[in-house]
Structures are given as C-alpha cells and as structure tokens.
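See below for the structure under consideration.
The values are calculated or read from the model by the stated rules, or taken from the named source; none is laboratory data. Since we're looking at a predicted model, the values are computed, not measured. Here the Cβ positions follow ideal geometry from the backbone for every residue, glycine too, while neighbour counts run over all protein chains shown.
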Amino acid sequence: MKFDIPGRLPGLNEVIKSAKMGKGNYQPYATMKREYGDAITYLAKKLPPCNIVSITIKWYEPDSRRDIDNIAAGGTKFIMDALVHAGTIKDDSQKYVKSISHEFYVDRENARVEVEIQEIGV
C-alpha cells in the first residue's frame with residue numbers, strides 16, 4: 001500500500017524552532033503538529049488497517065540543501081502519529097512496526113513524500 005504527501009514536511013530543525021517559540025497559549029509546535037497530522041491522517045484514512053508492518057518513506061526534496069537526518073527526523077514523527085490516528089496501524093511501537101527505512105531523492109518539479117506500507121507476518 002502506498003500514499004503520497006504533496007510538498008515537504010518540516011525538518012527536525014523547524015520542529016525544534018517552533019517548539020521553542022511558544023509562550024502562554026501560543027504554541028506553534030502544537031499548531032504545526034495538528035495541521036500536518038490532520039492532512040496526513042486524511043490521506044492515510046483511505047488505506048485499510050494493518051497489523052504488523054514495515055514502512056519505507058521516500059523523500060523527494062526540491063533540492064539537496066537539507067541534511068537527510070533533519071528531513072527524516074522531523075517528518076517521520078508526523079507520519080507515524082497520523083498512521084495511528086487514521087487507524088492504518090494499531091500503534092507505532094516495535095510490536096507493530098518492525099522497520100522504517102528512508103530513501104532520499106531530488107525532484108525539483110514535484111516535492112513530495114511517498115509512504116509505502118508493507119504488511120508482514122500475515
């Protein structure tokens with residue numbers, strides 16, 4: 001199973017920056033997590049529920065400026081939480097997710113994230 005997320009997801013540096021900005025009721029990280037989480041959950045709800053999975057995330061960036069660890073660390077959290085919220089996977093613990101692998105590409109015309117979910121042990 002596969003679904004695509006159009007555009008880029010925030011990297012870890014952007015997530016950390018937004019987490020440090022909050023004061024009082026203004027929490028940019030909470031807003032960021034909700035907005036990206038809702039969008040990804042909407043896409044993932046179209047997939048059937050799975051039990052135990054292996055996940056491959058293909059990151060298509062518009063250029064090669066961001067470090068791959070920054071790309072993966074920020075976006076993976078949003079993706080995994082959305083898969084759970086959508087009911088695609090029961091939980092993102094090691095009991096249900098046996099592996100997460102990443103591939104990185106440059107696509108100047110069509111930045112996106114492709115998420116491939118393979119059910120294993122069925």
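Results, tabulated for the structure shown:
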{"read-out": "Subset of the stretch 86-115 (residues that are surrounded by fewer than 16 Cβ atoms within 10 Å (Cβ to Cβ) and either polar (S, T, N, Q) or within 18 Å of A39 (Cα to Cα) (or both))", "value": "G87, S93, Q94, S99, S101, N110, E114"}
{"read-out": "Filter pass, I40 being buried (at least 18 other Cβ atoms within 10 Å of the Cβ) and either of a type in the set (V, I, T) or modelled with pLDDT under 95 (or both)", "value": "yes"}
{"read-out": "Hits in the stretch 2-41 (condition: in contact (Cβ under 8 Å) with a residue 24 or more places away in the chain and among the hydroxyl-bearing types (S, T, Y))", "value": "Y36, T41"}
{"read-out": "Pairs with Cβ under 6 Å, 6+ apart, first in the stretch 75-104 and modelled with pLDDT of 95 or more, second outside any loop (DSSP other than H, G, I, E, B) and among the charged types (D, E, K, R)", "value": "E103/K58"}
{"read-out": "Breaking point among (1) in contact with a helix residue (DSSP H, G or I) (Cβ under 8 Å, 6 or more places away or on another chain); (2) under 26 Å from Y96 (Cβ atoms); (3) at pLDDT 95 or above; (4) not small (G, A, S), for E61", "value": "(2)"}
{"read-out": "Any hit, the stretch 63-77, residues being in contact with a Lys or Arg (Cβ under 7 Å, 6 or more places away or on another chain), among the hydroxyl-bearing types (S, T, Y) and closer than 23 Å to N110 by Cβ", "value": "no"}
{"read-out": "Filter result for M21 (of a type in the set (A, V, I, L, M) and surrounded by 13 or more Cβ atoms within 10 Å (Cβ to Cβ))", "value": "no"}
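Quick grid of which residues meet (1) over 18 Å from N13 (Cβ atoms); (2) touching a strand residue (DSSP E or B) at 6+ places or on another chain (Cβ under 6 Å):
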position	(1), (2)
A39	yes, no
K45	yes, no
P48	yes, no
S64	no, yes
D81	yes, no
Q94	yes, no
I117	yes, yes
